[in-house]
Each structure stands twice: as C-alpha cells, then as structure tokens.
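Starting off with a structure, shown below.
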Protein chains: 2
Amino acid sequence: MPGQPHHVTVIPGDGVGPEVVRSAQRIIAAAGVAIDWETAEAGAEVFKRGDTSGVPQATRDSIARTRVVLKGPLETPVGFGEKSANVTLRKLFETYANVRPARELPGVPTRYAGEGVDMIIVRENIEDLYAGIEHMQTPDVAQCLKIISRKGSEKIIRYAFELARREGRRKVTCATKANIMKLTEGLFKRVFEELAPEYPEIVAEHLIIDNVAHQMAKDPAQFDVVVTTNLNGDIISDLASGLVGGLGFAPSGNYGDDVAIFEAVHGSAPKYAGKDVINPTALILSSLMLLRHVGETTAAAAIEDAVLVTLEEGRAVTQDLARQTGGDVERAASTTGFTDAIIANLGRQPSSVPPRHGWERPSGEATPRPEGTPRPHWSYGAAVSAAVPRATVGIDLFLESWEPALSAGPALEALAGEALKLEMISSRGTMVYPTTGLSPDNVGLLRARFVAREDGAAVPDEEILALLDRVSSVGARFAWTHIEKLHVFAGEPGYTKAQGQ
Amino acid sequence: MPGQPHHVTVIPGDGVGPEVVRSAQRIIAAAGVAIDWETAEAGAEVFKRGDTSGVPQATRDSIARTRVVLKGPLETPVGFGEKSANVTLRKLFETYANVRPARELPGVPTRYAGEGVDMIIVRENIEDLYAGIEHMQTPDVAQCLKIISRKGSEKIIRYAFELARREGRRKVTCATKANIMKLTEGLFKRVFEELAPEYPEIVAEHLIIDNVAHQMAKDPAQFDVVVTTNLNGDIISDLASGLVGGLGFAPSGNYGDDVAIFEAVHGSAPKYAGKDVINPTALILSSLMLLRHVGETTAAAAIEDAVLVTLEEGRAVTQDLARQTGGDVERAASTTGFTDAIIANLGRQPSSVPPRHGWERPSGEATPRPEGTPRPHWSYGAAVSAAVPRATVGIDLFLESWEPALSAGPALEALAGEALKLEMISSRGTMVYPTTGLSPDNVGLLRARFVAREDGAAVPDEEILALLDRVSSVGARFAWTHIEKLHVFAGEPGYTKAQGQ
C-alpha cells in the first residue's frame, strides 16, 4: 500500500556493499514500501580521488536533506585516507547512539542456540578514544585522549532507557571501567545512576566491562539492554554478534538527533565482491531498523517474518551458513536466490520462534515522541559552567626527559619559583619523586606536578606562564610537550593522584 | 624432596583470600616443595588504617627481598583509597606482563567443552589508560590519557614471543584498535610487525580487537598466544576465562624484570568469606605458575595432574561447580575437602585429558635464560631521542568555551599573532571551524590548533608562551585548560587530523 514515498540516501559502498544493499532494496520494494532512493557515494573511490574525508559534499548534502541513510560497508584504502569514512559519517551527523541488537535467529547454529539471547547493545558513538585526538609526546611515546562529557553521557544513557521503555524491556545494564578511570568512566557511571530513578519500571544495574565480557560468554541471556562507552561498546557488540551467528547476521543503526544511518556491521569483504555469494541478512535486518525508524512498522514486521521463515526452513541457505552447518556449499543459495526466497516468503509466519509483537522488536521509532521527550536532567551552557565554583590549583607538566627522578626532582624544584612547588613526578602514572624506593622503568616521559606553595591556593595564569618560561630556558634538559591545568570544580579535585602517591 | 627453601611473600588478602591461599600453601607443602613464606599485608585493613596506597612499606620491603609473591584478592574500601591496591602492586614492581592462560579443564562444563580451547592472553600491565592520569577539562568534560610507549610495547611483545617459543606454541596474535588509534594502538601494532621476523617459527598475525572478541565467541580454539594492550587485554582475558569455566578457574601471573606476582583473577567475594565454601582452583593454578617460575616444574606437574584428576573424577566438587552442573550443592565439597582431595590425588595421572609435557604447559620460567636473552630491537635513552630529527610545528590548545565556532574562530584567529595562524577548531575531534556546514553538538570544550603562518615552519617556545599570554588576557571567554605541542619526529607528523579535516 504505497503512500508518500520516503526519501532515503543510499550509499552502496565498497566490495560486497552494492549487492547487499540491492538485496535490501528489492525486498523493501516487494513489501510495498515506496522509497525514493538518493544514491550517493562514499569510501574507497572517493578517497582515491583525493578527498581525504572519504565523504564528498554531494553525499553530505543528500543526507542533510533526507536525514535517513542505508549504507553498505566503506573501505579506507591504505595511503589515501587517515580516518575511516564509516566513522566520519557517524561523526559528521552526530549519530551519537549506535544500536546493535543481538538476537538468536532460527536456523543459525550457535553454541547458545535455545538460550533466548536477545539483547541490544547501545554504544556511545562520538566520544571516548574515538575522538581520535593523538599526539606523540616524544619520538617513542604516543598518547590518545579519552574524552567523556556529561552531556554526551546523558544523551546516550537517556537513549538507552527510552529504548528500553519503548520496547518494553526489563533491564538496562551500564558497562564501564569506572573502578580504574574514576573521572571519565566514573562520570558515565554517575550519570547512569542519577538518571535511573526516572525510569522506575526498569531495572538498572552497573557492571564492570571486563565482567560484562565474562558474563556474555557464560550467560548471555541475562542481558537485555546494555549501555556503554564507545570502545567498550565496540568490543562487546562484536562479542554479542559472535554469540548469535556472527557479523553476517548483525544489524546496526546509528541514531542522532537529526539523522539516522543504518548499516551492516561487517566489512566490505572484497574477495567476495561481484560474485553474488554474500549473505545479505545483516543489511536486510538493518533495513528493518530503518523501516521502523520511518514509521513503516507493518512492512518491517512482514519482512522480518519472511527472513525468519527463510532461515528456519533452510531451503535457501547462503554459502557462509552452509559452511557453518556442514551443508553443501556448492549448492548454496546466491545472494539473489536468498533474496528471492525472502520475497517469496513475504506474508508467511515463522513457526519455530515465539510470536513477536511490534513493540518488542529491536529498535522502535528513534525520535522520541514529542509528548514523551524527556527533559534534560542537567542544564548545559556557558552560564551553567560559569556558575560552578572553581579554582586552578596547579599544573601537570609533561616533559621529554630520560633523567633519573632523583636528579630531575631537585632541578625541577629549583625551577618552581617562589609561588609554586614541585609536588611530585610520575612516570606512566606511577610516582617516582619523592622516591618510593623503587625505580620503575623509564620511557623518557616524566609528568611533573606543580602546585601553590601555600596549600590549596589558586595558581593564576601568570604564574603558569612564568614557570613555563623558566622550564623553557633550560632547553632540551626538560623539553615540555604537554600541560594540563589542575582544576577544583565545586570543591572536587578535577585530577587524580599518581600510583603510590 | 625439599632442597633449599624458596622465599616467597604471601599476601592472604581480603574476603576469601586467606582460604584460597591456605589451600594452595597446603597443596604445595604436600607436594614436597619447601617454601619459606613471608606473610605480608595489603588491602582493606591497610586502607582503613589511613595508608592511601593499600600497600604498606613492610610489604614492599618483603617483596623487594623475595621477588616472588602469592596473593589473594584485595579490596579497595569505598572512601578510603583512590587506587586499587592490586593495581598499585603491579605498578610498583613494574610487573609489565599479565599472563592469563585459558584452557579447557575436564569436569568443568562449558559450551566450548571438547573444542580444545587452550590460549594464553599476554596483557601489557603498566601503560595505556591504566596509567590513571585523568583531568577534568571543564566541570562536565573528563579526560583520561592513553599512553603507549615503544619500550613498553617492545617489552610485552617480546615477552609474548619468548613465551610462545619457550612453550612450543605456534602462533602469536596481536590485538589492537590500530585502525582508529593510529599513533597509540598503531605503535603497538608496528612494534609487533617489526619484531615478528625475529621469531620465524611462530605465526604472527594482527587482528582488530573487536574482531578478536567476535572470534573468541565464534571459534576460540583458533587462538594460541594473544598479546595486547592493557584495556583490551583486561576485557578479552575475562572473556577467555568465561569460555572455559569462569573466574573460579582463572589463574594469572604478573611478571616483571625483577618481581613476579601470582594471583587469582576473581574478587574477594566477601559474602563467602570464612565459610569454607569457596573454590580455590584459580589460586591453586596460579600457584603452579609460581612453582614453574621458581623452577619447581616437577612438583608443578604433579599438582596440576592431581587437580585434573580431582576435576575429571568429580568426587570432590565445590559448590560453584555443583551449581553449574546441576549437582547437589548441599553435599558439595568444602574448600578444605576439595584441597584434601587434591592432596590425596598427588601422584595420580588424569585419564581424560591428553598427556601434557612440561614445556607445553602454560607459563614456563619467566626469566629468559641468559644465553637466550633477546637483544632489544631499538635503543632507548637520552642520546637516542636527541638524535631524532624533530621540529615543533604548532600547538593544540584546549579551551573551555561554549561559544559557537563561527564566532570563536575569528576571535581566536585575531589572537594568533604575527607568527602563528589558527588552522582549525574541533569539538570532540570533529572539525567545526572552518565550518563544514554542520554543527555537531557542543559540550563546552574546543580544541584550537595553531601552526606557523609559514607552512611547516618551527614554532619556538617564545611564540607559544606569547600566544598563551594573549589567550589568557581575554579571560573567561577562552579559558585554556590543556596544551599539546605538535611535533614532527623524523619527518612524520606526531599528531592526527580532526574528523572532517
């Protein structure tokens, strides 16, 4: 029953991308959904033409117009681009919520079959180490910044709770490494704990990320919705996919305030490209998330049922699945044949899986209903920040130096000046001055912490610049490479102690 | 056949720690190994006495003397300590190699039983985000530094290759996120690739960490030795444990150049403390690694055989295992009873597992034999660093500011001065000035990159300090919080571009 066509940007992508995208498009058309596809380019060819972002302006314009994207995998060819075009797309359109359902499928053999695995990993998609801000501190010491903001944390954690509420899910698990990273991962955990009471019908629990990985291997059916920071989410969402059949069956949606991008998780698999052999299930399942996002829930349900019928009957089986089940790879279904089988099964109901109601399905509408839009728990902005009581009480100065702490310490103390003092020196986070009697390995990078001589007194910029000037004057002996101010915000130290301090 | 007693520091630790440690000590004594145990304290009680490190000087002194530690789990009581005492111990003694074997055990039911899972995760134990260097950039944006050094990477990667060689293992897999973090995780990967040719008999492969998690769920038997950075290793070693029976069976060793610390991976499980119900297998297996480390390989083999016999016969089964196998929990063996059973089985051979030769067993001697000590591939030190051609070509200045990039950009350009120019501004790693036509979400932290007006020219410290002085002079509008120098080392830019740049 075609109504007004939906406008959707489609990026066929690299390798097997065009084939799996074509499969999803054919099925959507057969299900009677009218989509006006705007075909757009990104990935390998774009990089090779010299666009170092991999995402040309015409594609950006199309997405800004349609606000909905179906995309195949993109390659970043070695030597042409520095940043993955997949990541760039997610960042440019601020799709902060990466949603990865991992659900047992009939006919897909796994060691966990029959246990009822049915979880959704909600991964923060913008911040964390994926901000990609890296600096060589010395010729042999590299650094990447892990950035976690309260606002970014609130957005993704709200997204997870709202998703759980919308889909009638019971529990949201927050997975962090807050026990080690008390300020960054700890902020994420604290935001989770402060928001949870707003969702009293949902069980809120926090688990340490390594325990989550452990529990996923031991008892994955315990998980429902899992919300986590970017790198943690990257690892456990791929782990979760591995429990239910692998990347060939792993859909994903990237949701922002304005734009949503739907893609398979798997790569471009160039060795299978153009051979009509790839399993398109992951992209088909992703396209169902797209259909639900644009409100085509009935068609999405019909397609999902047809996919489930096709998998449970096992008459059309793609090569990858035939290989896994010990079936006849020679007689496996082509991508086209598998797609035809799904189309032929439209209108049928699966028999081996429990009935699924629309509201239970992974991913409902992504945009919160206006009447249900949650109010932010915190306010953000210049006035709010300015109202936070604060003081700068020192600096951490990172120096390229191989000098033993026992001689570097007094020399740096001598440079501290009248207002400041050297509080300690650490090497890779472990205090080496004042000495603890131990000499951890030296990698040629020291961190010297300077604070006011007067306990807890504020340190103005002039003092910091004067200190830098004195340190610079001794030249290569203490070549500074990086400075962090030590702030106290609302009475809480905004910095951690060194190990052993 | 007791010879000279070995001197070992034993830290019974918190919760169930004393019970599992006692179990291991009894078995070692029964196997005829003479150990002079120096009992030492660390953990909860120490924190509560006001020692914020959780590791008192007497314990540090004992370890410095014995250089070998058997320890139970330590707690960091909320409100008393900021850093985990477990981590502090590893850092203080620079035990850079965390070794976690994950091997199928008879009688321990898992979904992967019979597949021959037998891998060793070698995790870098000092660097990465676990340096614990965190700074609040603004009241609502937290940052943690991920630090990866060439020297630290070489040490752990060599450790993994030497371990593989010593134990006759076939393959070493390096697991990183080098595709996203090209400087940090990329450095680890490059070091791996440069060292691999020195071990031609060992297959060297690199896999992206999320793929490793995925493959561990799908086909864990493919892994042999896996070497990885600290956080990655934390997650996948717990995952690997989950595949072969869980933390109750997960031993670990932390090896440094001087000191080795052997501990179970599980926590202190306070609710089981003092009840004689805990499964001591993990600590017993850890103590085998200790025995091999001090050269007691025959006794270690005898104890391992006795543990395997006890598990495969299943006559003495601890509560946790009885619960997993649907056995009678009421009649489960106590910690003491299970220990007695192992002691009674000393001298017997397991029947259901293939014979294991000493050199095949997880962890051999930790200290490389003198004649086999590998030469460092690189040299490290002040002279080596100083010889690297270098230039500082700009700075990244992190500013607390909510100002839209469109107005912040020109204002910062005006502050750049005569020698410098503003190259770009980014927000959480995505370029926002010059404008890309998109406005990603603002979290109140901008990164402004300044470079020389003259392309690629060096920027001396005086210029940087003058810039900082100008930025400071405008006060709260652009409150700077963090500075990174942009270095070019040996012709390679030591910094990454922003997304969209």
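The values are calculated or read from the model by the stated rules, or taken from the named source; none is laboratory data. On a predicted model such as this, the values are computed, not experimentally measured, just so you know. A quick note on method: Cβ atoms are made from the backbone with ideal geometry, for glycine too, and the neighbour counts reach across all protein chains shown. These area figures cover heavy atoms from the full protein model, side chains too; ligands, DNA and RNA do not enter into them. Shrake-Rupley method; radii C 1.70, N 1.55, O 1.52, S 1.80 Å.
Could you list all residues from the range B:428-449 that are more than 9 Å from chain A (Cβ to nearest Cβ) and either in contact with a helix residue (DSSP H, G or I) (Cβ under 8 Å, 6 or more places away or on another chain) or among the aromatic types (Phe, Trp, Tyr) (or both)?
Residues of the range B:428-449 that are more than 9 Å from chain A (Cβ to nearest Cβ), as a first pass: B:431-435, B:446, B:448-449.
Within the range B:428-449, B:432, B:433, B:434, B:435, B:446, B:448 meet the criteria.
For the range A:379-394, name all the residues that are part of a strand (DSSP E or B) and more than 9 Å from every other protein chain (Cβ to nearest Cβ).
A:391, A:393, A:394
Look at the range B:26-54 and say how many of its residues are touching a residue at least 40 places away in the same chain (Cβ under 8 Å) and farther than 22 Å from residue B:75 by Cβ.
Residues flagged as touching a residue at least 40 places away in the same chain (Cβ under 8 Å) and farther than 22 Å from residue B:75 by Cβ within the range B:26-54 amount to 7.
From the residues in the range B:206-236 that are part of a strand (DSSP E or B) and touching a Lys or Arg at 6+ places or on another chain (Cβ under 7 Å), which one is surrounded by the most Cβ atoms within 10 Å (Cβ to Cβ)? Please lay out each step first, then the result.
So in the range B:206-236, the residues part of a strand (DSSP E or B) come out as B:206-208, B:225-228.
This time we only want the ones that are touching a Lys or Arg at 6+ places or on another chain (Cβ under 7 Å), so: B:206, B:208, B:225, B:228.
Working: B:206: 17, B:208: 21, B:225: 25, B:228: 30.
For the range B:206-236, the residue satisfying everything is B:228.
Filter the strands (runs of 3 or more DSSP E) completely within the range B:105-199 down to those with at least 2 residues that are surrounded by 21 or more Cβ atoms within 10 Å (Cβ to Cβ) and facing chain A (nearest Cβ under 7 Å).
On the way: elements: B:118-124, B:134-138, B:141-149, B:171-176.
Fully inside the range B:105-199 and qualifying: B:134-138, B:141-149.
So which of B:30, B:24, B:85, B:34 is closer than 30 Å to residue B:338 by Cβ, open to solvent by less than 10 Å² (accessible area, probe 1.4 Å) and more than 24 Å from the chain's Cα centre (by Cα)? Even if it seems obvious, please write down each step before you answer.
Working: B:30 fails: open to solvent by less than 10 Å² (accessible area, probe 1.4 Å); B:85 fails: more than 24 Å from the chain's Cα centre (by Cα); B:34 fails: open to solvent by less than 10 Å² (accessible area, probe 1.4 Å).
When all the criteria are applied, what remains is B:24.
Additional query: Would you pick out the residues in the range A:261-283 that are at pLDDT 95 or above, among the aliphatic types (A, V, I, L, M), crowded, with 24+ Cβ neighbours inside 10 Å and not in a helix (DSSP H, G or I)?
A:261, A:278 - these are the residues of the range A:261-283 that are at pLDDT 95 or above, among the aliphatic types (A, V, I, L, M), crowded, with 24+ Cβ neighbours inside 10 Å and not in a helix (DSSP H, G or I).
Restricting attention to the range A:325-381, and to residues there that are at pLDDT below 55 and of a type in the set (Ser, Thr, Tyr), which single residue is nearest to residue A:298 (Cα to Cα)?
The selected residue is A:363.
Listed here are the residues, each with its yes/no results for (1) open to solvent by less than 30 Å² (accessible area, probe 1.4 Å); (2) in a loop (DSSP other than H, G, I, E, B).
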| site | (1), (2) |
| --- | --- |
| A:285 | yes, no |
| A:290 | yes, no |
| A:300 | yes, no |
| A:316 | yes, yes |
| A:320 | no, no |
| A:323 | no, no |
| A:327 | no, yes |
| A:348 | no, yes |
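Consider only pairs whose beta carbons are under 9 Å apart and that are at least six residues apart or on different chains; among these, list those whose first residue lies in the range A:395-416 and is within 19 Å of residue A:439 (Cα to Cα) and in a helix (DSSP H, G or I) and whose second residue is open to solvent by less than 50 Å² (accessible area, probe 1.4 Å) and of a type in the set (D, E, K, R).
The qualifying pairs are A:411/A:403.
Could you pull out the residue among B:466, B:452, B:458, B:479 that is away from chain A (no Cβ under 11 Å), on the phi < 0 side of the Ramachandran plot and surrounded by 15 or more Cβ atoms within 10 Å (Cβ to Cβ)?
Numbers: B:466 fails: away from chain A (no Cβ under 11 Å); B:458 fails: surrounded by 15 or more Cβ atoms within 10 Å (Cβ to Cβ); B:479 fails: away from chain A (no Cβ under 11 Å).
Answer to the selection: B:452.
Restricting to the range B:237-248, give me the number of residues that are assigned to a helix (DSSP H, G or I) and either open to solvent by 10 Å² or more (accessible area, probe 1.4 Å) or within 7 Å of chain A (Cβ to nearest Cβ) (or both).
Going through the range B:237-248 one residue at a time, the tally reaches 7.
Here's something else I'd like to know. Can we say residue B:23 is closer than 21 Å to residue A:180 by Cα, of a type in the set (Gly, Ala, Ser) and touching a residue at least 12 places away in the same chain (Cβ under 8 Å)?
Details: closer than 21 Å to residue A:180 by Cα: no; of a type in the set (Gly, Ala, Ser): yes; touching a residue at least 12 places away in the same chain (Cβ under 8 Å): yes.
Taking the combined requirement at face value, the residue does not satisfy it.
What are the residues in the range B:111-159 that are modelled with pLDDT of 95 or more and among the hydroxyl-bearing types (Ser, Thr, Tyr), if any?
Of everything in the range B:111-159, those that are modelled with pLDDT of 95 or more and among the hydroxyl-bearing types (Ser, Thr, Tyr) turn out to be B:112, B:138, B:149, B:153, B:159.
Among the numbered criteria (1) at pLDDT 95 or above; (2) in contact with a strand residue (DSSP E or B) (Cβ under 8 Å, 6 or more places away or on another chain); (3) closer than 24 Å to residue B:243 by Cα, which one does residue A:196 miss?
Result: residue A:196 passes all but (3).
Tell me, yes or no, whether the range A:427-449 has at least one residue that is more than 29 Å from residue B:400 (Cα to Cα), part of a helix (DSSP H, G or I) and at pLDDT below 95.
No - not one qualifying residue is present in the range A:427-449.
Sticking with this structure for a sec: Could you look through the range B:45-74, keep only residues that are among the charged types (D, E, K, R) and over 19 Å from residue A:498 (Cα atoms), and pick out the one that is surrounded by the most Cβ atoms within 10 Å (Cβ to Cβ)?
Going through the qualifying residues, I end up with B:71.
Please work out which residue is farthest from residue A:265 (Cα to Cα), limiting yourself to the range A:67-113 and to residues that are in contact with a strand residue (DSSP E or B) (Cβ under 9 Å, 6 or more places away or on another chain) and among the aromatic types (Phe, Trp, Tyr).
A:93
Something else: Residue by residue through the range B:483-497, note down the ones that are at the interface with another protein chain (Cβ under 8 Å from one of its Cβ atoms) and outside any strand (DSSP E or B).
Correct list: B:490, B:494, B:496, B:497.
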